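Student: Mind looking over this structure? Questions follow.
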Amino acid sequence: QVQLVESGGGLVQAGDSLRLSCAPSGRTFSSYTMGWFRQAPGKEREFVAASGRVTVYADSVKGRFTISRDNAKTTVYLQMNSLKPEDTAVYYCAADRSLGWPPSKRTDDYDYWGQGTQVTVSS
């Protein structure tokens with residue numbers, strides 16, 4: 001059983017940066033696609049970024065957010081720069097057991113989810 005634990009959320013001002021971390025436990029995830037999703041109040045969960053054979057981003061975060069994995073592939077990061085109030089949401093880390101190309105942007109394709117971490121950006 002894979003467990004994903006996110007950390008790094010918080011309250012920041014517009015223009016600030018945050019780095020989220022996701023630490024899977026239970027097994028190695030080097031062969032998994034790792035993704036970040038977010039869900040704002042009253043909205044559906046939406047794709048943010050994913051890292052598999054390649055990395056992909058939602059248009060709304062392209063150029064501002066960067067997904068990365070450390071060399072030992074034990075932690076996945078989401079570096080968020082130039083944050084905007086519309087980035088406010090609960091951010092979730094997710095793992096897809098396949099390494100599809102390109103990485104999936106669909107929530108249904110992800111097998112494991114973290115509990116989420118709140119990111120609030122004030123204007």
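Student: If the chain between ARG27 and SER68 were fully stretched, how many nm would it gain, using 0.36 nm times the residue separation less the Cα-Cα distance?
Tutor: Gain on stretching ARG27 to SER68: 12.9 nm.
Student: Continuing with the same structure: Jot down the per residue volume, in cubic angstrom and as a whole number, of the convex hull over the alpha-carbon atoms of region 61-105.
Tutor: Values: hull volume 4.9 nm³, N = 45.
Residue-normalised Cα hull volume stands at 109 Å³.
Student: Tell me, what is the per residue accessible area of the chain in Å², probe radius 1.4 Å?
Tutor: Solvent-accessible surface per residue comes out at 51 Å².
Student: Let me ask another. Apply the Kirkwood formula to region 33-80: the hydrodynamic radius equals the inverse of the mean of 1/r over all pairs of different alpha-carbon atoms; give it in Å with one decimal. Show your work: numbers first, answer last.
Tutor: On the way: mean 1/r = 0.0880 Å⁻¹.
After inverting the pairwise mean of 1/r, the radius is 11.4 Å.
Student: Now for a different question. Compare SER21, SER51, SER30 in a GNM of the chain, Cα atoms joined below 10 Å, and give the one with the largest fluctuation.
Tutor: SER30
Student: For the chain, what is the relative contact order in percent, using Cα pairs closer than 8 Å and at least 6 residues apart in sequence?
Tutor: It comes to 37 percent, rounded to a whole number.
Student: Of TYR112, GLY10, LEU83, which is farthest along the charge dipole of the chain in the positive direction, counting Lys and Arg as +1 and Asp and Glu as -1 at C-beta?
Tutor: So the residue we want is TYR112.
Student: Calculate the dipole size of the chain relative to its Cα centre from +1 charges on Lys and Arg beta carbons and -1 charges on Asp and Glu beta carbons; express the result in debye to the nearest 20.
Tutor: Here the size comes out at about 240 debye.
Student: Return one quarter of the surface area of the convex hull spanned by the alpha-carbon atoms of the chain, equal to its mean projected area, in nm².
Tutor: Convex hull of Cα atoms, orientation-averaged projection: 6.9 nm².
Student: Please find, in a Gaussian network model of the chain (springs between Cα atoms separated by less than 10 Å), the residue of GLY100, GLY26, GLY63 whose mean-square fluctuation is greatest.
Tutor: Comparing GLY100, GLY26, GLY63 in the GNM, the peak value goes to GLY26.
Student: Under 13 Å from the Cβ of ALA40, count the other residues' Cβ atoms, weight Lys and Arg +1, Asp and Glu -1, and hand me the total. Can you show the working numbers first?
Tutor: Working: positive: ARG38, LYS43, ARG45, LYS84; negative: GLU44, GLU46, GLU86, ASP87.
Net local charge, ALA40 excluded: 0.
Student: Considering only DSSP states other than H, G, I, E and B, which trypsin sites (Lys or Arg not before Pro) in region 9-93 qualify as loop sites with at most 13 other Cβ atoms within 10 Å? Write out the running numbers ahead of the final one.
Tutor: Details: sites: ARG19, ARG27, ARG38, LYS43, ARG45, ARG53, LYS62, ARG64, ARG69, LYS73; in loops: ARG27, LYS43, ARG45, ARG53, LYS62, ARG64, LYS73.
Those satisfying the criteria are ARG27, LYS43, ARG53, LYS62.
Student: Can you send over the carbon and sulfur percentage of the accessible area for the chain, probe radius 1.4 Å, protein chains only?
Tutor: On the way: 2850 of 6300 Å².
Solvent-exposed carbon and sulfur of the chain make up 45 percent of the total.
Student: Run through the DSSP bridge list for the chain and note the antiparallel percent, rounded to the nearest 5.
Tutor: On the way: 35 of 39 bridges.
Bridges in the chain are about 90 percent antiparallel.
Student: Please arrange TRP113, TRP101 by accessible surface area, largest first, computed with a 1.4 Å probe and ligands excluded. Don't skip to the end; give the middle numbers.
Tutor: On the way: TRP113 75, TRP101 180 Å².
Ranking TRP113, TRP101 by accessible area, largest first, yields TRP101, TRP113.
The values are calculated or read from the model by the stated rules, or taken from the named source; none is laboratory data. The shown structure was predicted, so the numbers you read here are calculated from the model rather than taken from an experiment. Cβ: placed from backbone, ideal geometry, glycine included. Neighbour counts: every protein chain shown. Ligands, DNA and RNA are stripped out before the accessible areas are found, and what is left, the full protein with its side chains, is counted by its heavy atoms. Shrake-Rupley method; radii C 1.70, N 1.55, O 1.52, S 1.80 Å.
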